[in-house]
Amino acid sequence: MYCDRCGEPAEGDHASCRTARRMEPPRYCAHCRRRLIVQVTPTGWTAHCSQHGPLQPAS
């Protein structure tokens, strides 16, 4: 598994990534580390991995 903000392996300290993710969409697929196609709109965001499909914002 990978950090969905920086793309590095999920082990280790990602406190700054978790803090940033409160306000930003993911940038990397947590499963395969591929860069996501992200669209930010005034009402939210959409993200799509070419391998794993669309991601949904956490409710």
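Points worth noting:
- 222 nm mean residue ellipticity, helices alone, for the chain (DSSP H n ≥ 4; -39,500 (n - 2.57); rounded to 500): -3000 deg cm²/dmol
- Correct option for percent of Cα pairs over 17 Å apart [calculated from the coordinates] among (1) 35; (2) 72; (3) 47: (1)
- The gain in end-to-end length when the Glu24 to Gln39 segment is fully stretched comes to 4.3 nm, 0.36 nm per residue minus the alpha carbon separation.
Taken together, the values in this text are just the output of simple stated rules run on the coordinates, not laboratory data. All values reported here derive from a predicted model rather than from experimental measurement.
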